[in-house]
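One structure below.
Only the coordinates and a few stated rules stand behind these numbers; no lab work does. Just so it is clear, the model here is predicted, and its values are computed rather than measured. Cβ sites come from the backbone with ideal geometry, for glycine too, and all protein chains shown count toward neighbours.
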């Protein structure tokens, strides 16, 4: 693997109310899973899970060099100030994660990363992670959340729409792959 590692990265800032927050989010977990806030010690497991999910999604079309560049960018996302990492776990270990970056320019958040392990897909984990962040950020006073998704990721788009997210803005090329992605927004107030 190229790029920085978790040991050389700035630690992921802890969630302000990590213990109390874990109690709140546990009720939103998908069946057979637990949710908890994560930290720097969880970053490399998230990177491995993300890699596995991307290879499963893209299969033979995954570009090895592009994948490594994306992983470098992924690690940078974990170092952004104020990041909040939410993990889903089951008896086999980490089954999914989401990383939210609160935005400094207003009462909003950017859902930077969302991934579910291929072995756990279709079990409601992505919906559980999204619903948990929605509830927590609404309680924190955010007025909206945004995310972006590849144009050809129809399953994710269907889930976002089901949960009240809506597309906005023009398609834009991904910084590394050039594949088009669409921005989505969820109003919280």
(request) Give the distance, in whole Å, between the Cα centre of the range 113-146 and the Cα centre of the range 42-94. (result) 16 Å
(message) Rounded, prolate or oblate, given the Cα gyration tensor of the range 18-147, with a/c below 1.5 counting as rounded?
(response) oblate
(message) Place a point 7 Å from the Cα of residue 189 along the Cα-to-Cβ direction; which residues of the range 89-108 have their backbone N under 13 Å from it?
(response) 106-108
(request) Using only alpha carbon pairs under 8 Å that are at least six residues apart, calculate the relative contact order of the range 18-147 and give it in whole percent. (result) 27 percent
